[in-house]
Amino acid sequence: MNGKEYAYKVTAAGRVNIIGEHIDYCGGKVFPAALSLCNTVYVRPNGTNEIRLSWTTLNESVALDIRDLEQYRSLRYGNYQAGSALAWLQAGHKLVGCDMLQDCTVPFGSGLSSSAAIEVSTIAALAAVAGEKIDPVEIALLAQKAEHEFAGVNCGIMDQYASACGRKNHAMLLDCKTLACEYVPVEMGAYSFVIINCNKPHNLVESRYNERRAETDEALALLMPHTGITCLAELTAAQLEKHAHLLHGKVYDRVKHVVEECARVTAAEKAMKTGDMTKLGEILNASHASLRDLYEVTGAELDALAHAAQSHPACAGSRMTGGGFGGCTISVVRTDAVEDFEKYVCEKYAAATGYRASCYDAAVGDGITVEKL
Ligand code: GLA
């Protein structure tokens with residue numbers, strides 16, 4: 001492929017979430033980082049009313065009529081791009097016909113937000129080719145709209161925000177209620193993050209995700225009149241206990257996870273800022289246990305993978321990352337032992353589940369990048 005035939009090369013990142021799981025849509029603070037794994041879009045105007053899509057990894061090409069993008073909601077390839085273009089157009093922006101070559105290095109279904117990377121980079125590419133300003137926060141919000149409407153996932157803002165606004169070597173402490181974001185240097189001393197995919201082919205992820213979101217919405221509606229909270233992340237542990245009788249079994253557990261996970265984010269922020277990796281690891285372990293027992297979004301494979309990681313002597317802690325029901329773990333591991341750790345975890349995990357895990361070599365990268373070719 002000769003990139004020079006195109007006008008712009010635009011990238012947006014996949015992300016890993018260090019901690020703050022399933023609380024973005026509750027208005028909580030989350031702590032993700034953008035990854036060097038990304039989606040790249042090569043784009044040029046084509047003077048037509050079509051967005052012509054092709055992929056480096058697929059023998060397919062798809063033409064989207066920009067005057068009727070609604071029709072592509074259930075397209076097998078290209079629905080994310082169609083939804084992204086429609087969100088861009090509906091926000092009042094100029095949409096021009098263009099050729100787009102897409103190249104994704106974020107593994108699909110890994111829980112590392114390949115979909116956000118695709119949506120965000122597509123919108124940024126449309127902005128570039130139309131000569132419009134790139135506003136990463138606006139692009140993140142439009143990408144989230146595309147995910148809701150074309151992918152059917154009622155997601156929070158974390159993935160799209162990290163994908164658009166990430167910064168090399170920095171994690172992001174993102175307040176999902178106000179969208180205020182503090183960049184925190186990822187300085188881990190003798191430790192590194194290791195990301196491993198359990199490679200479980202996951203299904204029904206969308207509906208199970210949406211079910212959790214509905215449970216937290218229900219809890220908020222029940223608790224609001226008694227507490228004055230405006231989002232679940234504002235609920236204190238004392239308020240939860242006082243009003244526990246309003247919430248039936250599972251819903252109580254979900255809310256307990258939200259309240260405690262919010263506290264863990266604050267503790268993790270402190271651990272990162274003071275370089276206390278032992279503490280950070282402990283907090284990750286506690287998060288995994290809560291996602292397994294209270295929020296119930298892990299599953300046998302992620303549990304086996306986290307368990308294998310946690311049992312290695314050079315691992316300070318490990319947990320699932322992202323939406324769950326499959327995908328990846330993130331572990332805090334002594335850098336000098338990473339190779340041994342990966343080998344040990346993969347063997348132990350395969351013995352427990354029969355699946356082969358994959359380890360990723362990813363650094364903390366930038367959000368949107370735009371290069372004129
Ligand atoms: C998915 C969603 C995010 C977030 C995570 C869980 O990745 O897209 O908005 O809710 O799950 O933390």
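The values are calculated or read from the model by the stated rules, or taken from the named source; none is laboratory data. What you see is a predicted model; the values in this text were computed from it and never measured. Reconstructed Cβ throughout: ideal geometry from the backbone, glycine too, with neighbour counts over all protein chains shown.
Structure data summary
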item	result
Elements of type strands (runs of 3 or more DSSP E) in region 260-373, at least 1 residues being away from the ligand (no atom under 16 Å from the Cβ) and crowded, with 19+ Cβ neighbours inside 10 Å	315-321, 328-334, 358-360
Yes/no for TYR8 being surrounded by fewer than 23 Cβ atoms within 10 Å (Cβ to Cβ), within 16 Å of the ligand (Cβ to nearest atom) and not assigned by TED's automatic domain parsing to the domain that holds TYR209	no
Residues located in region 154-210, provided they are polar (S, T, N, Q), in contact with a Ser or Thr (Cβ under 9 Å, 6 or more places away or on another chain) and either outside the structural domain of ARG334 (by TED's automatic domain parsing) or farther than 20 Å from LEU305 by Cβ (or both)	GLN160, SER163
Residue under evaluation PHE108, criteria (1) over 28 Å from VAL333 (Cβ atoms); (2) among the aromatic types (Phe, Trp, Tyr); (3) assigned to a loop (DSSP other than H, G, I, E, B), criterion not met	(1)
Residue within region 55-63 that is under 26 Å from GLY323 (Cα atoms), surrounded by fewer than 24 Cβ atoms within 10 Å (Cβ to Cβ), polar (S, T, N, Q) and under 21 Å from the mean Cα position of the chain (by Cα) present	no
Considering residues of region 11-29 that are of a type in the set (Val, Ile, Thr) and more than 16 Å from SER290 (Cα to Cα) only, the residue surrounded by the fewest Cβ atoms within 10 Å (Cβ to Cβ)	THR11
Residue match in region 75-85 (condition: of a type in the set (D, E, K, R), crowded, with 23+ Cβ neighbours inside 10 Å and closer than 24 Å to ASN59 by Cβ)	no
Test set (1) more than 15 Å from the ligand (Cβ to nearest atom); (2) assigned to a helix (DSSP H, G or I); (3) over 14 Å from HIS22 (Cα atoms); (4) within 23 Å of the chain's Cα centre (by Cα) - SER207 fails condition number	(1)
Boolean, GLY83 is within 16 Å of the ligand (Cβ to nearest atom), touching a residue at least 12 places away in the same chain (Cβ under 8 Å) and more than 30 Å from ILE283 (Cβ to Cβ)	yes
Residue that is out of contact with any Gly (no Cβ under 9 Å at 6 or more places or on another chain) and under 20 Å from LEU173 (Cβ atoms), where the choices are LYS270, LYS256, LYS242	LYS270
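So that you can scan it fast, the table gives a plain yes or no per residue for (1) part of a loop (DSSP other than H, G, I, E, B); (2) away from the ligand (no atom under 12 Å from the Cβ); (3) surrounded by fewer than 17 Cβ atoms within 10 Å (Cβ to Cβ):
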| residue | (1), (2), (3) |
| --- | --- |
| ILE139 | no, yes, no |
| SER163 | no, no, no |
| MET172 | no, yes, no |
| GLU187 | yes, yes, yes |
| PHE193 | no, yes, no |
